[in-house]
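Below: one structure, written as structure tokens.
The values are calculated or read from the model by the stated rules, or taken from the named source; none is laboratory data. None of these values were measured; they are calculated from a predicted model. Note that each Cβ is placed from the backbone with ideal geometry, even for glycine, and that neighbours are counted across all protein chains shown.
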Amino acid sequence: MSRQTPTAIPALVRNHDARPRTGGLLAHVHPGLREEFSALVDGIWKDLASRFAAPLKTRESASRRTVTVIGFVRYAVRRGDGRLTLEQKVLNGSGRRVWRRAPYAFSADLPFKPSTGLFEELLGEWSARIAGLARSASDVPALTAGLVRSVRRASLRTVDWKRLRHAVRDALALDPEVLDLARRSRVNAHAREVTDGHYNHVVKHLAAYRRIKADNPNLLWLHALAQVERVSLPAKGEALARLKAKILKDFSLPPAAWRHLANGRRRDFRVVLDWLGPGALPHGRWLELREWLRLLVALERHGPVPLPVQRLFLHDPYRVAADRQSVLFRGASLPIATLRAVIAEAEAQLASGTLRAFAEDDLPDVLAWLTDIRPALDERQQKAGWAYLLRRARDWKHDLALRDRAETYSWESLVSGHVADGLTVHPIANVWALHREALGMRNCTNDFLADCMAGTVRLFALRDASGRQVGTVGLTREGRQWKVLDVRGFANAAPAPSMQRLAGSLASRYTTLWLTLHPLLAQESGTPATIPVRDREPIASEVEADPEEGPDNDEACGDDADGWDDEDEGMLRHECPICGDERLDCEHLVAAIDYFNGGIYAGAMDKRQAAFLDRLWLQVRQAADAGQQYSGLGKPVDDAITALRKTGTDIAAAGAVREESEWELINLLYETLESLPGVDTRYWEFDGGAPGTSTCGRDFWSRDVEATLELLATELGIPGADE
Ligand SMILES: [Zn+2]
């Protein structure tokens, strides 16, 4: 015999006016059946409203007590063992609605959630009639789903669902001791509620749970986890003793490791309980527990890792190496000391309330760096702690930003592969590679960015046969010649002889290739590149015969004797090699220089030299502003750049630097002019026979003066200066 008690819940219905809104669903309803649809919705809602008036029916029988909710779900508690199950009304084969065991998990302590699924079930008994009103077969799913949502919203507005839930719980009258043990031992950390499965599990093993609660309530969860994971425990002994023996033996842990469990609480192992494996399933947490315990032992932790810090480890495999000196963390093998530094910093950030920012900014940087670079940290670096890690990571991140810039900040290297003495040459040809080089080799190559961009410096990484980088070679251009700027080993160590030899051959090879690509152009087609100098024997006998009598400036002027065409002592002759003019006013004179009396005094350059010098100086200033060190124009100009960089914003000091370098720039101008094809020069000396009356100089001639000046400007890298 059983009796059924309908239960009204006071104040359950808080709104009597709510009703499903179905206007939006009419598009899915057959146009001729809209009134019927409206009537059906009215009927459904009226039916539900009557169920809400007395939503619970409790039935006691000899075998069980059941609680039926809104007429379509039924909780059953068995009298004998207290097991909890759920049943729902389904259509059977002959079209009758009958109660069947529901196969899915549900929460035992806070049952009956107003989910969409619940209302799908609830409307199940009207589903055939709903389908019959649809505009077409393809409208059925949308019409049904829309009606479910609409009825659910109306129900939530009508019923105080929290009140209903509490009434269900009271009517179920579950065993409070079992509920308490189930709550403490639950291992489904993702849901706060106790599931029916876990409730029934505790019911079944109530004696063991009671015992564990008496011995060490901290370990209730551990027993549950072992059960859920189907761990086979030793057959004999107390539950906890069996767990301890199993864990220490299977996990190869020292006995002290048990203390982490025995003294810890459930929340201290959330990283294990929250773990989800493949398929987002929690299976395999027993192995996660093993790894976490090994990690705690390797870290030599005394206390638990705080819950928010544990989350940094969540869903990441961390595997302690057999020697316990390193851990595979986020794909990178980290020394234990480094991981200790990471955790210590996270705990400090947690204490100061900045863990979130730390976890979102600094930590990802460090972890990304560790994963991407896999740095081999030496003992000193391991002990250097978080600040060191963060600094390295930020360098790396900066590096990444540079990588984006690498495409813009790149240059051409004429040598792409060069092997000698077992060393391979790899050009460093963009800002990213340059920065990597400086970081990797601990040198200052990134200072050369501006020079590399300007084409005055080229850098190369040297690798040995095994691919290991052993050094860096820098070349710099001086005029049309590439020279070895520097050869360095790791961290600026002195280079091996083989590296120096290689640098020398690299410079010569680079010069050859560069000259091929940067030929000096002849001024006009069909014009000989050089003007034949009239075949005249230089007369140097006077000077050589009596050096003591010679002018004091002998050394300064007499560095070469070609073009020595002044036959008569004290007489100046400036004969144009092209037209024979001797008055320095023919169209072929580029420049006439008197080295002791003010320099330029005739020729096209007389009026143009100032403009050339201005442009050269502008180039020096721009190079200094860009952070360049090498101008490609030789040491005097490079020295001017260095001096100018030191003056900073001091305009007066910058003016002084220009004044000091003026003569160097003039020399550069005429040395370059002399090297151009199509330019013929004549050196001359004059000895007036008295102190202060001796001098020397050089005349520069060209068949096409304008073309020569254009070439000069190009060669100096100052196009436009000739105009
Ligand atoms: Zn001439």
Inter-residue pairs, beta-carbon under 9 Å, first farther than 26 Å from Glu379 by Cβ and in segment 331-359, second modelled with pLDDT under 85, 6+ apart: Leu350/Phe358; Leu355/Leu312; Ala359/Arg311; Ala359/Leu312
Residue count for segment 590-616, restricted to those that are under 14 Å from Asn667 (Cβ atoms) and within 58 Å of the chain's Cα centre (by Cα): 5
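For (1) under 30 Å from Asp704 (Cβ atoms); (2) buried (at least 16 other Cβ atoms within 10 Å of the Cβ), each residue gets a yes or a no:
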residue: Ala623; (1), (2): no, yes
residue: Ala626; (1), (2): no, no
residue: Ile641; (1), (2): no, yes
residue: Leu665; (1), (2): yes, yes
residue: Leu669; (1), (2): yes, yes
Read through the list (1) modelled with pLDDT of 90 or more; (2) in the same structural domain as Leu287 (by TED's automatic domain parsing); (3) closer than 26 Å to Arg64 by Cβ, then give the number of the only condition that His223 fails. (3)
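With respect to Tyr75, determine if the residue is more than 17 Å from Ile9 (Cα to Cα) and free of Cβ contacts under 8 Å to residues at least 24 places away in the same chain.
no
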Mind listing whichever residues of segment 168-194 are over 10 Å from Leu110 (Cα atoms), hydrophobic (A, V, I, L, M, F, W, C) and either assigned to a helix (DSSP H, G or I) or out of contact with any Lys or Arg (no Cβ under 9 Å at 6 or more places or on another chain) (or both)? Ala171, Leu172, Leu174, Val178, Leu179, Leu181, Ala182, Ala191
Name the single residue, out of those in segment 99-149 being in a strand (DSSP E or B) and not charged (D, E, K, R), that is surrounded by the most Cβ atoms within 10 Å (Cβ to Cβ). Ala134
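Quick check, is Pro577 within 16 Å of the ligand (Cβ to nearest atom) and modelled with pLDDT of 85 or more?
Criteria met by Pro577.
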Tell me which of these Gly82 doesn't satisfy, since it passes every other one: (1) touching a residue at least 60 places away in the same chain (Cβ under 8 Å); (2) not in a loop (DSSP other than H, G, I, E, B). (2)
Matching option when the condition is assigned to a helix (DSSP H, G or I), touching a Pro at 6+ places or on another chain (Cβ under 6 Å) and free of Cβ contacts under 8 Å to residues at least 40 places away in the same chain, among Glu660, Glu664, Glu710: Glu664
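Rundown of residues vs (1) within 15 Å of the ligand (Cβ to nearest atom); (2) modelled with pLDDT of 90 or more; (3) not assigned by TED's automatic domain parsing to the domain that holds Gly655, yes/no style:
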| residue | (1), (2), (3) |
| --- | --- |
| Arg573 | yes, no, no |
| His588 | yes, yes, no |
| Phe596 | no, no, no |
| Gly599 | no, no, no |
| Gly603 | yes, yes, no |
| Gln609 | no, yes, no |
| Leu616 | no, yes, no |
